[in-house]
Amino acid sequence: MSGAMLTGAVLAQPAAVSQSQFVNTLMPQPAQLSVNSGGLDISHGVGISLDKFHDDRLDNAVAWARERLQEQTGTLMQAGAASVVISADGPGQAVQGLDEDESYTLDITTQSAHLHAATDVGAMRGLETLLQLVQSDGNGFWLPMVSIQDAPRFKWRGLMIDCSRHFEPVGVIERTLDAMAAVKMNVFHWHLSDDQGFRIESKIYPKLTGMGSDGQFYTQEQAKEIVAYASGLGIRVVPEFDIPGHSTSWVVGYPDLASATGPFTIERHFGVFDPVMDPTRETTYAFLDKFVGEMADIFPDAYMHIGGDENNGVEWKKNPRIQAFMHDHNLKDTVSLQAYFNQKLLQILKKHGKQMIGWDEVLTPDLPKDVVVQSWRGVDSLAAGAKQGYTGILSAGYYLDHMDPASTHYSVDPVPANTDLTPVQAARVLGGEACMWSEYVEPRTIDSRIWPRTAAIAERLWSPRTVNSVDDMYRRLSVESLRLEELGLTHISQEEASLRALAGTQQIDALRPLAAVLEPVNFDTRSHWAETHGVTTLSPLNQLVDALPPDPPSRHDFGDLVSTYLQDPVAHHEEEAALAATFRSWSPSPQMMELLSSSPQLAEALPRALQLTELGTLGLEALNYLSSGLPAAPGWKAQKLAILDNAEKPVALTRFTVLKPLRDLVNEVR
Ligand code: ACM
């Protein structure tokens, strides 16, 4: 919506497309791609067949691909002149693991497309590429004549969803898995317990959900359904049970696990809290042994995530019995005590056939080398671990809840070009995971917080490091975003639906000029506001900020337009006209003011409408100066920079997406 509005004048005349012109919108980009002119006409359907190995998973994947092709082209896909032949050599691993072969080749000629892969998983990755290749013009649909050899750069390309702070129903998880598969991600890291809720049924310990979940949890049947659903897409499911800290929801029903005396209640606030398991009692390990055994039956993946983050040690320091234990066992501090706990837990995991993965904090001296470390505090700790011999994955830089633009995540590389890791050390970096912490996320809004930005992270983890043009990423991301919506994700439609709900009318066009240039404030600003306004897990997330997507198209499109204009303000008339039209649209209409006054949540953003007028005026004045080459009137610049400074301040938990380019415009005036 906003992109078209901002750049409509520039993009008004798309180049005429013909079959010889392939527009590459692949996301992620393949490892190797060569393009010839011409293509395979699929306007009258295409037969898709498997000429070698097939199994249920691959048959289902082909059926689904056929359905999506039909949706896209409006044509029944059946055997005819054109054909897609899929040759898979054999099945993937019985339980998908790190060494799953996901590679494939795809060769398209004017007669047929041939997809070859060693495994059904590789064939499924190739099918996603095939679907993204479809080209169209007024005359029909075709597949371009390309030859692709593709394989992922990293083995572990994940998305973590925190289902504790806010619960996500099965349907949300499944559509998220669909989207992950579309961008070739292969690990769903399921954060199932935290202070705010215990989200999976234990039949051995029913009070975990009975007292720790408010009735919002996955039954074992549902968890198995999700594991099977993910497996059908070639996605591993790694469950996380965050211990020994972040464990309030466990001890509500089982206070004997805790280091302090109960009773405990489910935590309603956000942050780091004191409840922590008692690592000194054998009963704690007996409990965990049975629990891990029960979960190992539900989650076949080789890895189990034990959390391990943000234990503040307060209850350990306060408890004389635990202090005496530390003294007796020569454990000098709470970090050493947690390392002791982790060693015991590791034996339990091993007994049940699981390898351990934990957050940064598990990396302590003497940690066995087969524990995977997930870096959330910085890229440096990942490299430090790799140098010591640990495998690891990166999440620092991929925190979706921070509300950073896709470009920021895209620039974070688990093994950057200037790495000082040796090849052997670099090979220990398995990949990375986007993290969707859910303090301010609920089923209605989660898609717009995850997508489309996660597609940029997926590309960083799949494609060669040299695929790094931010402009090209955004060009392709805007297309991928539409494809994801077609798959059933609500990241685009949610904004308008939420605005309609807030305004109480279907006539919300007048809000668009403002909504298009606003996005949520960053995580820290929102957290500070939440703390000072009594926000809890029970608070509704139905403010304007919840309707707005992070990194909307306006951010990149407007920045791009301004920078092109500034290359030559006197000559770039088209960009000038587009900018002028945008600035004029920023003058709030009476209808906008009326809509903003229609509910308390929208009324909070009234100051933003007035600021938008000022920004529009500022923009038009800057254009006049720059296009004429005349110097600014005395005091003009200082006055306009003050307006920009003021507009930087959060209002209604929103921020403008356009201030940096506006500042560039003002600063360019003589
Ligand atoms: C974390 O963000 N505490 C892993």
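Read-outs throughout are calculated quantities, based only on the coordinates presented, and are distinct from any laboratory measurement. Treat the numbers as computed from the prediction; the structure is a model and nothing was measured. No Cβ is skipped: glycine too gets one built from the backbone with ideal geometry, and neighbour counts run over all protein chains shown.
A few comments on the model shown:
- This ranking places R460, R483, R175 by how few other beta-carbon atoms lie within 10 Å of each, fewest first, which gives R175, R483, R460.
- Structure note, pairs K184/K350; K224/K350; K387/K660: Cα-Cα distances above 28 angstrom occur for K184/K350; K387/K660.
- In the stretch 462-547, Cα pairs under 8 Å separated by at least six residues give a relative contact order of 34 percent.
- Mean-position separation - Cα centroids, the stretch 426-502 and the stretch 596-669, in angstrom: 29 Å
- Electrostatic bookkeeping for Q96 treats Lys and Arg as +1 and Asp and Glu as -1; over the other residues with beta carbon under 10 Å from its beta carbon, the sum is -3.
- Estimated FRET transfer efficiency (E174, E71; beta-carbon r; R0 22 Å; 0.05): 0.75
- Ignoring lysines fewer than eight residues from K318 along the same chain, the ones with Cα atoms less than 30 angstrom from its Cα are K207, K290, K332, K344.
- Annotation: the antiparallel percentage among DSSP beta bridges lying fully within the chain is about 35.
- Two-decimal Rg to Rh for the chain - Kirkwood Rh, Cα set: 0.99
- Take the Cα of D333, step 7 Å toward its Cβ, do the same at N522, and the gap between the two points is 2.8 nm.
- Rounded if a/c under 1.5, otherwise prolate or oblate - the stretch 504-548, Cα gyration tensor axes: oblate
- Simple spin-label estimate for A94 and M593 in nanometres, 7 Å along Cα-Cβ: 7.2 nm
- Order of E168, E71 under a 10 Å beta carbon neighbour criterion, fewest first: E71, E168
- Percent RCO, i.e. relative contact order, over the chain, from Cα pairs under 8 Å lying at least 6 residues apart: 13 percent
- Extension gain, Q222 back to D55 (0.36 nm per residue minus Cα-Cα distance, nm): 57.7 nm
- Fraction of alpha-carbon pairs over 17 Å apart in the stretch 166-259 - percent: 50 percent
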